[in-house]
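Pasting a structure below so you can have a look.
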Amino acid sequence: MNTRTNPLLDVVDELTRPKIEHHVQKDDAGKYIKTHTAEHPPLLIQLRDAVNPSSNTAAGSSSLKSTRNLIDSDALYRYGLMYAAIGDWCRIWNVPVTRDPITDLRQWYIAYTRGGDDPQWYIRELNRWANLIRNIIEPSVRFPLNVSCPVCKSRTFQTDDGEANLFPIIVEYRRPKDGETIRPKALCRNTECGAVWEGLEAIQELGEEIQELETKEVPA
């Protein structure tokens with residue numbers, strides 16, 4: 001069996017090909033009922049559609065007139081940057097630009113794999129795009145923990161502009177879809193620490209570490 005992977009193709013596919021998901025429906029006793037199949041557009045198309053989310057509403061929508069045809073400026077900005085970058089990459093590799101980012105990115109991939117060197121920079125960049133798109137179309141739930149970090153013991157952290165803030169640990173997770181499991185992540189925003197706890201078991205361990213730290217901090 002060929003177990004080799006192609007991470008560049010994987011992320012190009014994620015950005016340019018539809019994604020098929022199968023969701024199993026069960027009754028209250030856990031007995032299988034049926035499987036729902038859903039097809040999601042490529043991430044680049046989802047980002048393009050997110051620029052004007054109200055444009056896909058059906059005729060006769062009950063949404064208020066004042067809320068229709070609104071532009072998501074962040075989605076527009078991100079889509080414009082990605083659209084321009086794909087065009088630049090195509091021109092560098094002498095790929096005809098069709099102004100369709102799906103077609104252009106796939107044609108760029110073919111040209112690049114025929115003569116490109118180490119693709120690690122492109123893999124990181126395209127994965128960054130995929131994560132940005134997911135955060136726009138399905139924002140994570142984020143909340144801080146009002147405690148000190150059990151690793152660095154810091155109770156404060158500073159932002160990039162030097163502003164001081166209380167409580168460095170933040171927890172984030174995506175709302176689960178049918179059949180999915182929540183996979184939360186916590187991280188310390190103190191740049192000198194950067195500790196990360198990922199997954200339910202790691203979050204449970206974080207809770208135990210916090211409890212132990214708070215117990216030590218309680219005066220006798």
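The values are calculated or read from the model by the stated rules, or taken from the named source; none is laboratory data. Please read these numbers as outputs of a predicted model, since none were measured by experiment. Every residue, glycine as well, gets a Cβ built from its backbone with ideal geometry; the counts of neighbours run over all protein chains shown.
Hey, can you tell me all the residues within region 119-149 that are more than 30 Å from Glu212 (Cβ to Cβ) and either at pLDDT below 90 or among the charged types (D, E, K, R) (or both)?
Scanning region 119-149 gives Arg124, Glu125, Arg128, Asn131, Arg134, Asn135, Ile136, Ile137, Glu138, Pro139.
For Ile110, indicate whether it is closer than 17 Å to Arg91 by Cβ, in a helix (DSSP H, G or I) and of a type outside the set (Phe, Trp, Tyr). Break it down into steps so the answer makes sense when it comes.
Working: closer than 17 Å to Arg91 by Cβ: yes; in a helix (DSSP H, G or I): yes; of a type outside the set (Phe, Trp, Tyr): yes.
Spelling it out, Ile110 is indeed closer than 17 Å to Arg91 by Cβ, in a helix (DSSP H, G or I) and of a type outside the set (Phe, Trp, Tyr).
Between residues in region 4-15 that are at positive phi and residues that are assigned to a helix (DSSP H, G or I), which pairs lie under 8 Å by C-beta distance while being six or more apart or on different chains?
Listed by first residue and then by second, the contacts come to nothing, as the list is empty.
Still on this model: Residue under question is Val171, and the condition is that it be surrounded by 13 or more Cβ atoms within 10 Å (Cβ to Cβ) and assigned to a loop (DSSP other than H, G, I, E, B); does it hold? Spell out the reasoning first.
Details: surrounded by 13 or more Cβ atoms within 10 Å (Cβ to Cβ): yes; assigned to a loop (DSSP other than H, G, I, E, B): no.
In short, no.
Taking the condition of being without any contact (Cβ under 8 Å) to a residue 60 or more places away in the chain, surrounded by 13 or more Cβ atoms within 10 Å (Cβ to Cβ) and among the hydrophobic types (A, V, I, L, M, F, W, C), how many residues in region 133-160 meet it?
Residues in region 133-160 being without any contact (Cβ under 8 Å) to a residue 60 or more places away in the chain, surrounded by 13 or more Cβ atoms within 10 Å (Cβ to Cβ) and among the hydrophobic types (A, V, I, L, M, F, W, C): 4 in total.
Follow-up. Say we look at region 101-118 and pick out the residues that are surrounded by fewer than 17 Cβ atoms within 10 Å (Cβ to Cβ), of a type outside the set (Gly, Ala, Ser) and at pLDDT 95 or above; which of these is nearest to Thr16 (Cα to Cα)?
Ranking the qualifying residues of region 101-118, first place goes to Thr103.
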